[in-house]
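Worksheet for the structure shown next.
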Amino acid sequence: MAFLSNLDVAVSGMIAQRTRADVIAQNVANAETTRTADGGPYIRQNVVFSENVTRESDRESLIDFRSMVAEHLSELKPLAGKPDVTKGKGVLLTEIVEDPTPPTPVYDPSHPDADEDGYYYLPNVDVAEEQIDMLAATQSYTANLTIFNSLKTLATKALTIGQ
């Protein structure tokens, strides 16, 4: 049942892109928020993904995959077709980080959030950039969904071979 690990990869990709889309939606919703619970303007959030690595030997393969394959090719050949050779198990959401870009100052002494110099600060969210990121997240989600559905169809067809 090696194909099940491929399903895990596709599902983890869909979950990761859904989380990315949620964070983007939060950024867009707060694009004009000049005052948060912390007192300052909203700060744009970004998601950080990494490969889901479950064993220490997998982590080493990420560091220098090409040289590892060259050194251990003879050891990998007998394992061909077994699920144990699959190194990555999908995508992990490592963290959600704040964008270090400074907020945009706007001069308006009458604004309720203006400081003593008459400036208030808009969030560091560029709605056009967020729209492009949302498009990329949507396309990545769709690609993972297509892979998932293809694997599901393949598994169904494989089960009908013995009939």
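No lab work stands behind these numbers, since they all come straight from the coordinates. Computed from a predicted structure; not experimentally measured. Reconstructed Cβ throughout: ideal geometry from the backbone, glycine too, with neighbour counts over all protein chains shown.
Taking amide H atoms as placed 1.01 Å from N in the peptide plane, the amide H of Phe49 lies under 5 Å from those of Thr94, each 5 or more residues away in sequence or on another chain.
Stretching the chain fully between Arg35 and Lys152 yields a gain of 37.4 nm (0.36 nm per residue, less the alpha carbon separation).
The simple Förster model, with R0 at 25 Å and r as the Cβ-Cβ distance, assigns Asp108 and Gln26 a FRET efficiency of 0.45. Rounded to the nearest 0.05, the FRET efficiency derived from the C-beta distance between Thr94 and Asp115 at R0 = 25 Å is 0.10.
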